[in-house]
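Report on the structure given below.
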C-alpha cells in the first residue's frame, strides 16, 4: 500500500491511496472464507463452498469483489491514516478512483483533521495566583472560631442580631387546611435556632431581626417542597448570645497546646498560610491552562466540541447511575433546566478542546518529545492499574491503534509541566510570587 496526504481547504486533508493487487487478492480470499462459512449451499459444508458457486450465489465476480472492497476499505483507510500521520476528527468522504472490477485498487479520502492553532506569546505568559499573605482579619476570625468552642450562651434583653440563638415556638398553617387539618409537620415548640442561618423557613430571619423576647411574629412564606404558601406564627421565648472568653494567655493555655495567645496566633497564621499554599498549588495548573487558552483565537471545529460534550455527558450518566440517580433527578436537585445545563457543559467542552489544541501546539513549538524509557514508564503505570504487564498493554494499544495517542498524551503532560515552570507568577496585587514560596512545609502538611 502507498498513501500520500495533501492539504485541502476547510481544514481538510486529501489522502490518495493505492492498494496492490496482491493485497486485494488477500481481501478477496478473506471475504470468500467469511461468505463460505455464512452462506448455506445444499451439498456443501459451511466453509467448503467453492468460489465459483459463491460468485453465482452472490451475482457474479464483480459483486464478490465489491463485497471484498467494502470489507477491506476501513482497514485500508486506517493504515493510510497511520502511514501519513494524519489526525482525523470526522468520518472520511471516500471515492474509489480505480480497481473496482479488477487489478490494483485506488481511492481518495477527504477528511477533516485536527487543526493546528497558534499560541502567540506563550513564552511570556503571566499567571495571577491567589495571594499567599493571610489577612489579619482572617487570623482573628479563626481565633474567634476557636473561642466559640469555649463560649457560653448568655440570655440578653436587646433586639435580635445575626448569630443570636433564639428559642421559639413555630406554627405553620397551609391555606387548604380545614378545621381538622394536620399541620404537625409545620409545628415545633422550644425550637433552638441560630439567626442568620436561613435554615428553617424562608424569610424567617428577616422577621426575627430586631425583635425581642416575647414578640409574636406572623408572616407568609413560599415553601418550595410543598409548592404552596404557608402562614407562620413565631413566638420568641428567649434570646441568647454566645459570650466568648477573652483571647488572652490564660484561655490559650487552656484551649490549646500553646502557653500564650501570641504563640497560638502565630500557629494559626502559619496553618492558614500553608492552606493558601496548597490552594495556590491546586490553582496553578488550572490558571496556567486558562492563560494558555486565552491565546487561542481560531474557530474550533464543531466536531471536536461535540465529541468532548458527548464524552462528558456519558461520564456524568455513568456516575449518576452509580449513585442510583437519573439526569432528570440531578437537574431537579441542582435547580437547572436541561438547556442551562447543556450550555454549561458545552462551554466547558469548548475550553477543554481549546486547551488540548493549545498544548499540542506547545508540544510542536518546543519540540517536546518523550523517550522510549518514558513511554515504557507510562505503559508500566497503565499495566499496574489494569493488572497487566507493560508488554501486554503495548500489544493491546498497538492492535487498537492507540499507542500514538498515549505518546501524544504524555508529550502534552510534559508540555504542561514545562509551561507551569516557565510562566511568570504574580498575586492579585501584581506582586511577584516565588515558586519557592509555593512549597508546603512538610511538618505542617503531615500534621493536618
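Note on region 120-193: enclosed strands (runs of 3 or more DSSP E) holding 3 or more residues that are surrounded by fewer than 15 Cβ atoms within 10 Å (Cβ to Cβ), at pLDDT 90 or above and touching a strand residue (DSSP E or B) at 6+ places or on another chain (Cβ under 9 Å) are 152-155. The residue pairs whose first member lies in region 382-401 and is closer than 27 Å to residue 78 by Cα, whose second member is exposed (fewer than 11 other Cβ atoms within 10 Å of the Cβ), and whose beta carbons are closer than 6 Å, counting only pairs six or more residues apart or on different chains, do not exist in this structure. So, in region 24-41, exactly how many residues are touching a helix residue (DSSP H, G or I) at 6+ places or on another chain (Cβ under 8 Å) and within 27 Å of residue 97 (Cα to Cα)? Going through region 24-41 one residue at a time, the tally reaches 8. Scoring residue 249 on the criteria (1) under 30 Å from residue 420 (Cβ atoms); (2) in contact with a helix residue (DSSP H, G or I) (Cβ under 7 Å, 6 or more places away or on another chain); (3) surrounded by 15 or more Cβ atoms within 10 Å (Cβ to Cβ) leaves a single failure, condition (1).
Taking the conditions (1) modelled with pLDDT of 90 or more; (2) over 17 Å from the mean Cα position of the chain (by Cα); (3) more than 24 Å from residue 404 (Cα to Cα) in turn, residue 365 satisfies each one other than (3). The residues of region 61-94 that are farther than 20 Å from residue 21 by Cβ and in contact with a strand residue (DSSP E or B) (Cβ under 7 Å, 6 or more places away or on another chain), listed by number, are 81, 84, 86, 87, 88, 89, 90, 92, 93.
Whether any residue in region 331-347 is touching a residue at least 40 places away in the same chain (Cβ under 8 Å) and in a helix (DSSP H, G or I) is what I want to check. The answer is yes; a qualifying residue exists.
The values are calculated or read from the model by the stated rules, or taken from the named source; none is laboratory data. The model shown is predicted, which means the values in this text are computed figures rather than measured ones. Note that each Cβ is placed from the backbone with ideal geometry, even for glycine, and that neighbours are counted across all protein chains shown.
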